[in-house]
DNA sequence: GTCTATAAGATGATAGAC
DNA sequence: GTCTATCATCTTATAGAC
């Protein structure tokens, strides 16, 4: 790296912009078509650059895949946030969780990252599988905490272990997204969501 | 490779045999890696023939895909059978259903056809998507009938509409398979299955 | 950082000999 | 029915000019 480069002040606000745009486009394609179903050519056309330019930012496809998963994990921690300690907060986080998946199930043809990569596991390079494991661990851990706090504060029913409830709830939501998509039935998820509220909330 | 294939009586190859072997191998690859994740070359190596020979039986990949889905649908109707009209029969079919998915969730790295193709929907040619819709319709219809008969005969709880119960149960099972796989946790599905029995059976 | 050009291999698919 | 040989195209990836 030259002296000039090092001395230069942050010139344009475009710094890192292309990298982000590549990741944004690639993430949408990944969620839509799966890891084996999108190519650098697809990204290049959507972003408006050439294939080779993508390789400058992400030498191999697995670098891109891993970066997308790591970013999604950071976003998960960030937007889900720490589990609340009041009934209102917990109830709100529960509702928010359901709304997030309702959006995925009812609009567009994209899966959530967990569902997508779990289906792609067999074609995923180790470099992508590793951060995905972290992602699922975080996701599962957050849900477990939510149900533990929720039972303690009387938000959820106490008819099962919180950990079991969390697993059951997470799997039901995951399955509902999948079934809603395969049926092409936007209303389906809402019916399931209604059932899930009745099943898990102490006062639905 | 499936038990049926290994048990095959005729030791010598016969006509129509290659076609079946291609479909068997391709189905396993499809369930494992998805529609975009397996190639004619993969099949050729596993079957012990050349790529071009596969094209003789299935001119295009979508022909092969459609044939696999249609066969799976026929198998579904055949093995699931008409819904019973006694509590014992219904209970048995319910258990059998859960055991089928427990096998998928706990052994091997394959998805069920419904989960797999639902995830692959965006990369599926119309020629494969069409028979898959029939498959899901049949599958959903069977489950709905099971819960309707089950409620009538006191096998299932009557705390929700049979149709809703069926949707909820099917989605939960689907999600459980997916989550169990992504966690690499063979015990997970059994925990969910236990919860599902408590939730749906009148006398768990 | 982006480009052109290209490599090296895989993919689905076809033609035609045997 | 299976083979060899071949096709056009797509894939990830690299080299080097600007």
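The values are calculated or read from the model by the stated rules, or taken from the named source; none is laboratory data. Note that the coordinates shown come from a computational prediction; the quantities given were computed from them, not determined experimentally. Note that we place each Cβ from the backbone using ideal geometry, even for glycine, and neighbour counts take in every protein chain shown.
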For segment B:151-163, does any single residue satisfy the condition of being surrounded by 19 or more Cβ atoms within 10 Å (Cβ to Cβ), modelled with pLDDT under 95 and not in a helix (DSSP H, G or I)?
yes
Consider residue A:199 carefully, then state whether it is assigned to a helix (DSSP H, G or I), touching a strand residue (DSSP E or B) at 6+ places or on another chain (Cβ under 9 Å) and either at pLDDT below 95 or outside the structural domain of residue A:33 (by TED's automatic domain parsing) (or both).
no
For segment B:155-170, enumerate the residues that are under 20 Å from the mean Cα position of the chain (by Cα) and either facing another protein chain (nearest Cβ under 7 Å) or touching a residue at least 60 places away in the same chain (Cβ under 8 Å) (or both).
B:167, B:168, B:170
Can you list residue pairs whose Cβ atoms sit under 9 Å apart, with the first residue in segment B:171-188 being more than 7 Å from every other protein chain (Cβ to nearest Cβ) and more than 19 Å from residue A:180 (Cβ to Cβ) and the second being modelled with pLDDT under 95 and outside any helix (DSSP H, G or I)? Count only pairs 6 or more apart in sequence or on different chains.
B:186/B:107
Criterion violated by residue A:48 - all others in (1) surrounded by 13 or more Cβ atoms within 10 Å (Cβ to Cβ); (2) at positive phi satisfied:
(1)
Output for segment B:46-69, where each listed residue is assigned to a helix (DSSP H, G or I) and near DNA strand C (Cβ under 9 Å from one of its atoms)
B:51, B:52, B:53, B:54, B:55, B:56, B:61, B:62, B:63, B:64
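Quick one: which residue in A:156, A:188, A:135 is in the same structural domain as residue A:101 (by TED's automatic domain parsing) and in contact with a strand residue (DSSP E or B) (Cβ under 7 Å, 6 or more places away or on another chain)?
After applying the criteria, what remains is A:156.
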Residue match in segment B:70-89 (condition: more than 16 Å from residue B:196 (Cα to Cα), assigned to a helix (DSSP H, G or I), over 14 Å from the mean Cα position of the chain (by Cα) and touching a residue at least 60 places away in the same chain (Cβ under 8 Å))
yes
Of everything in segment A:51-61, what is over 12 Å from residue A:26 (Cβ atoms) and within 8 Å of DNA strand D (Cβ to nearest atom)? Give them in sequence order.
A:51, A:52, A:55, A:56, A:59, A:60
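May I ask you to verify whether residue A:38 is more than 13 Å from DNA strand C (Cβ to nearest atom), touching a strand residue (DSSP E or B) at 6+ places or on another chain (Cβ under 9 Å) and modelled with pLDDT of 95 or more?
no
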At pLDDT 95 or above, surrounded by fewer than 16 Cβ atoms within 10 Å (Cβ to Cβ), touching a helix residue (DSSP H, G or I) at 6+ places or on another chain (Cβ under 9 Å) and farther than 30 Å from residue B:148 by Cα: is that true of residue B:20 in this structure?
yes
Tell me the residue from B:140, B:108 that is under 16 Å from the mean Cα position of the chain (by Cα), on the phi > 0 side of the Ramachandran plot and within 14 Å of another protein chain (Cβ to nearest Cβ), please.
B:108
